[in-house]
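Data block below; observations after.
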Amino acid sequence: MVGPRPEQPEIFATLREQIAPYRIRQRVRPGITGWAQINQSYDTCIEDVRRKVRYDLEYLERQSVVEDLKDHA
């Protein structure tokens, strides 16, 4: 259910060059929503994308169906 949301193909290559762990994020199957989308709004700058990647990698470390069903509010 939760997993990194796919990025637009036009900016995909640029992000891989600017954010080293972005390649790891790309190897994961996408979800309906991402941990980053739950915790922050839309990206407005490269720092927002870096933060999004950190959120997604944090989620990957503890990924499970039980985690997806928890109420994080």
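The values are calculated or read from the model by the stated rules, or taken from the named source; none is laboratory data. These figures come from a predicted structure and were not determined experimentally. When we count neighbours, we look across all protein chains shown, and the Cβ atoms used for this are built from the backbone with ideal geometry, even at glycine. Ligands, DNA and RNA are stripped out before the accessible areas are found, and what is left, the full protein with its side chains, is counted by its heavy atoms. Shrake-Rupley method; radii C 1.70, N 1.55, O 1.52, S 1.80 Å.
Condition check ((1) at pLDDT below 85; (2) open to solvent by 60 Å² or more (accessible area, probe 1.4 Å); (3) under 9 Å from the mean Cα position of the chain (by Cα)) across all residues:
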| position | (1), (2), (3) |
| --- | --- |
| 2 | yes, no, no |
| 6 | yes, yes, yes |
| 16 | no, yes, no |
| 20 | no, yes, no |
| 54 | no, yes, yes |
| field | Hey, residue 36 in a helix (DSSP H, G or I) and either closer than 14 Å to residue 59 by Cα or touching a residue at least 60 places away in the same chain (Cβ under 8 Å) (or both) or not | value | yes
| request: Quickly run through the stretch 26-52 and pick out the residues that are open to solvent by less than 50 Å² (accessible area, probe 1.4 Å) and of a type in the set (Ser, Thr, Tyr). | output: 33
| query | Do the conditions hold for residue 55, that is, is it in contact (Cβ under 8 Å) with a residue 40 or more places away in the chain, part of a helix (DSSP H, G or I) and not charged (D, E, K, R)? | reply | no
